[in-house]
Amino acid sequence: MTSAPAVRISAMERYHLAAVLRVDELVYARPWSLAMFRQELEKRDTRHYVVAEVDGVHAGHAGVLLMAGEGHVTTVAVDPAWQRRGIGARLLLALHEHAIDRGAHAMTLEVRVSNTAAIALYRLKDYNRAGLVTVPGARGVAAARIEIVMYSLVQLAASLLLYSLGVCGRGYLVVATAAGLAFAALAARGLVRGDARWARAVFLASIVYLPTVYTAMVIDGRL
């Protein structure tokens, strides 16, 4: 079993930015620019950014915006070579501790709605180590499974509504129905057997589901 790496968390400085940009480009389709990071670092009264290093090598970074007694996580990125080593949890923990010291009473992280419960289930232990409250942690795993099913049904209904309103045609209807039913069926499996493998499958499926529906919408509009 691979031991956890010795991770050093420190405040992000300008000399970190070359390594920060490298990891951002590996992780995100639309990474932040150098100018954006520089602007964020200048707003130290409402921003806090940290980096994670392993033996002097940049492994990841994260940031938080503090406003009105709340902390809003602005970015989290871990080098793919160092993922699944607890580094993301350490970064979030550092942000969490800073936010508490600054008087924040809540932390938020914006992700796609359909992903939240699945991600929380899949990474529940990391969230618990970071001290962050998730649906599985606060209301139980069963509640998270039910929430995933509910969201999948709402998404299916919303996608079919576009056809009912005459916005999209039959080609879109076929794709949206098939994709929506498949995603809902996968979500419903969690009510019987909702283990970590299922949660990861739902997370990955949700990444594919919405782009598929959007692509069908665009193609349908051009026919």
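Each Cα pair under 8 Å and six or more residues apart adds its separation to the average, and for the range 7-110 the resulting relative contact order is 26 percent.
The trypsin sites (Lys or Arg not before Pro) of the range 1-87 meeting both criteria, a DSSP state outside H, G, I, E and B (loop) and at most 13 other C-beta atoms within 10 angstrom of the site's C-beta, are Lys43, Arg44, Arg84.
Taking the Cβ-Cβ separation of Val208 and Arg22 as r and a Förster radius of 25 Å, what is the calculated FRET efficiency to the nearest 0.05?
Efficiency, rounded to the nearest 0.05: 0.35.
Shown in residue order for the range 62-79 are the 3J(HN,Hα) couplings computed by the Karplus curve 6.51 cos²θ - 1.76 cosθ + 1.60 at θ = phi - 60°: 7, x, 9, 9, 9, 7, 6, x, 10, x, 10, 5, 8, 6, 9, 9, 10, 3 Hz (x for Gly and Pro). For the pair Tyr15 and Arg30, label points projected 7 Å from Cα toward Cβ lie 3.4 nm apart. Simple spin-label estimate for Met150 and Arg189 gives 2.3 nm between the two label positions (7 Å along the Cα-to-Cβ direction from each Cα). Put a dot 7 Å past the Cα of Arg197, heading toward its Cβ, do the same for Leu161, and the two dots end up 3.6 nm apart.
Throughout, read-outs are computed from the coordinates displayed, never taken from laboratory work. Computed from a predicted model, the values in this text were never measured in an experiment. Cβ coordinates were reconstructed from backbone atoms using ideal geometry, including for glycine residues, and neighbour counts include every protein chain displayed.
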